[in-house]
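Quick notes on the structure that follows.
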Amino acid sequence: MTLSRLSELTADPAASFVLIARDGTDSVELLTGDVLDVDLLADIPLTIDGAAREIFAMVPYRQVRERGFVAQDDGAPLRCLVVDEHLQLPTAELLAALPGDPVPLRDGGFDIPDAEYAQIVTTVIADEIGRGEGANFVIRRDFTAHIDVDDRTAALTWFRALLTHERGAYWTFAVVTPGHIAVGASPEAHVVARGGVVTMNPISGTFRHPAGGATKDTLVDFLSSTKETEELFMVVDEELKMMSAVCSDGGRITGPHLKEMSRLTHTEYMLRGRSALDPRDILRETMFAPTVTGSPMQNACAVIRRHERKPRGYYSGVAALFTPNPEGGHDLDAPILIRTVYVHDGALSVPVGATLVRHSDPHGEVSETHGKAAGVLGAIGAIDRDGAAEAREDADAPGARRSLAADPTIESLLASRNARLADFWLNPQGDDLSGPFRGTSAVVVDAEDRFTTMLAHQLRHLGLDVTNRPWSEVTDDELAAADLVVAGPGPGDPRDLDSPRIARMREVVSRRVDTGSPLLAVCLSHQILSDGLGLALVPLDAPHQGLQKAVPVFGEDASIGFYNTFTARVTPGTTSAGSADVSADPATGDVYALRGPHFASVQGHLESILSRDGIRTLERLVSHALS
């Protein structure tokens, strides 16, 4: 009955349907219904004629404009399938019914030649990362080709190939609607909301299995890489910013774990917190994953807009399933749209991106995009699969062995990572907000780095009544009424007087200092305060992006996470500057913290998971500013 229903849908060129295979299940879900395109996430019709409805939505990257971020507008629809039928198909029976003949490709190649892509990488490293615009950015290119079979037949063929040969994907899916067909195997649940609990799943680090498959020794080498470890920490920090915006308890970290797939292994954490928000609001505040955009998120969108040749369509967006729950609301399950093939009128497109950091090699990033495209094309059977790399990890292979994640050495290596992280984010935080500064009001000024959401959350745990306001919207009256103003971090050069954002942050900092009103300045704002005190501002030889350091902070050494390209610098041994005490590196003179009459500042991010002494140092600096 259910398989014949799929045959009917496949034969009808106007029919819309979705196939979803979730990790760990032995069935495939078939969703059918009418298509409805809407403008905003708030327009997704969770209730129709007074009745709660199940909705499947394809959310394009351009929806990030709902957060006030920039994006090229290609008109990719926010497409909803209003579910009329939700059927379960046994996977084994479905595989036998789906087409299996390979779909040949012709005219295949990247839309941006290798040399041009390498030049884009070089430009982003020099002009964006090198100027302090952010820690990392993802720039994409598309592999394109043509096919000579019907789009729907190709989609079902590729879906069958993924079910057969890929494992460990969070969702394997095929979305078939008029004019838009997508098939993929997403490894990553971007955001899930069930029963008031929100979960995010930051993944970073990619270990490509060698010929013969992964072994303990090769995996140990991968897990011992400082670069891979720190990249994962940066992604966790970025997603904790989102969690702190939607969860009353800010979010707790568990992990790390291995994400083992057929040809790749990743490392991942799970973030969990409680939220009473509408799932559409949760989705809006978490658009989109830093693993496919960059950080800080707002500036990453601006960098993508400047350097990508064409709009993203659905790449880096999400597929979202809103399901009515017994409590009268809706649960949300939204994997990220990566490792996905799009086809329209015989034209195939596979978007892939490389994550660019300060020390990226342009030719290495070119190779990265080739590898990612080949992985997708091999998985769908469009090119020869790397059978050698998947053989050892194939659960059906003769003599297949247990997951490497269970090996004691691997477990120990993974667990050791948490020794570097802040207990504040690893342990349950509780609901007690009656900290030492209870009854004190604070305004946090966001300078386009949502680290301020994490900072505001920590300040609330110290007892403050906190309001988080963007630099472009906060009023002078709001600032004047606050017991404490926290001038936040942000991207860019603190010396750039032509930037309206930098100019406004300079005004906020100077006014609080001049009036003797309590101020805490963080990162970018610390640099602005330093400049106002006459200290030199210089670019670092090597940016501190996601770097953990133990530094002196007025009589105590503190383990703090840094994300800065510029620093204030004094002559080594300097301990004061005008009315301010200076805490600086004894060898380089890099200024880590300042304190003076009713103000304090810090270069590092006390809210970062890398700041093991963050909450204690934050309490010390706030106490000084308020004293």
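The values are calculated or read from the model by the stated rules, or taken from the named source; none is laboratory data. Keep in mind that what you see is a predicted model, and the values were worked out from it rather than measured. In this analysis, Cβ positions are derived from the backbone assuming ideal geometry, glycine residues included, and neighbour counts consider all displayed protein chains.
Observations on the model:
- Failed criterion for Phe173 (all others in (1) in contact with an Asp or Glu (Cβ under 6 Å, 6 or more places away or on another chain); (2) buried (at least 23 other Cβ atoms within 10 Å of the Cβ); (3) not β-branched (Val, Ile, Thr) hold): (1)
- One residue alone among Gln119, Gln63 is at pLDDT 95 or above, in contact with a strand residue (DSSP E or B) (Cβ under 9 Å, 6 or more places away or on another chain), of a type in the set (S, T, N, Q) and not in a strand (DSSP E or B), and that residue is Gln63.
- So Ser510, is it closer than 19 Å to Gly596 by Cβ, polar (S, T, N, Q) and either in contact (Cβ under 8 Å) with a residue 24 or more places away in the chain or not in a loop (DSSP other than H, G, I, E, B) (or both): yes
- Selected residue (criterion: surrounded by the most Cβ atoms within 10 Å (Cβ to Cβ)) from residues of the stretch 474-528 that are among the polar types (S, T, N, Q) and over 16 Å from Gln603 (Cα atoms): Ser517
- Residue within the stretch 287-306 that is in a loop (DSSP other than H, G, I, E, B) and over 16 Å from the mean Cα position of the chain (by Cα) present: no
- Counting only helices (runs of 4 or more DSSP H) that fall entirely inside the stretch 391-472 and contain at least 1 residues that are surrounded by fewer than 19 Cβ atoms within 10 Å (Cβ to Cβ) and modelled with pLDDT under 90, the qualifying elements are 408-416.
- Test result for Arg53, in contact with a strand residue (DSSP E or B) (Cβ under 8 Å, 6 or more places away or on another chain), of a type in the set (Lys, Arg), surrounded by 15 or more Cβ atoms within 10 Å (Cβ to Cβ) and farther than 30 Å from Asn299 by Cα: yes
- Summed over the stretch 4-51, residues that are small (Gly, Ala, Ser), within 20 Å of Thr172 (Cα to Cα) and assigned to a helix (DSSP H, G or I) total 1.
- Selection of the stretch 567-588 for residues being hydrophobic (A, V, I, L, M, F, W, C) and either farther than 24 Å from Pro491 by Cβ or assigned to a loop (DSSP other than H, G, I, E, B) (or both) yields Val570, Ala577, Ala580, Val582, Ala587.
- Flag for Glu268 being charged (D, E, K, R) and within 27 Å of Thr122 (Cα to Cα): no
- Take the conditions (1) touching a strand residue (DSSP E or B) at 6+ places or on another chain (Cβ under 7 Å); (2) without any contact (Cβ under 8 Å) to a residue 12 or more places away in the chain; Ala135 misses just one of them, which is (2).
- Check on Phe110, under 30 Å from Asn564 (Cα atoms), aromatic (Phe, Trp, Tyr), surrounded by 17 or more Cβ atoms within 10 Å (Cβ to Cβ) and under 26 Å from the mean Cα position of the chain (by Cα): no
- Residue list for the stretch 219-249, restricted to those being hydroxyl-bearing (Ser, Thr, Tyr) and not in a loop (DSSP other than H, G, I, E, B): Thr226, Thr229, Ser244
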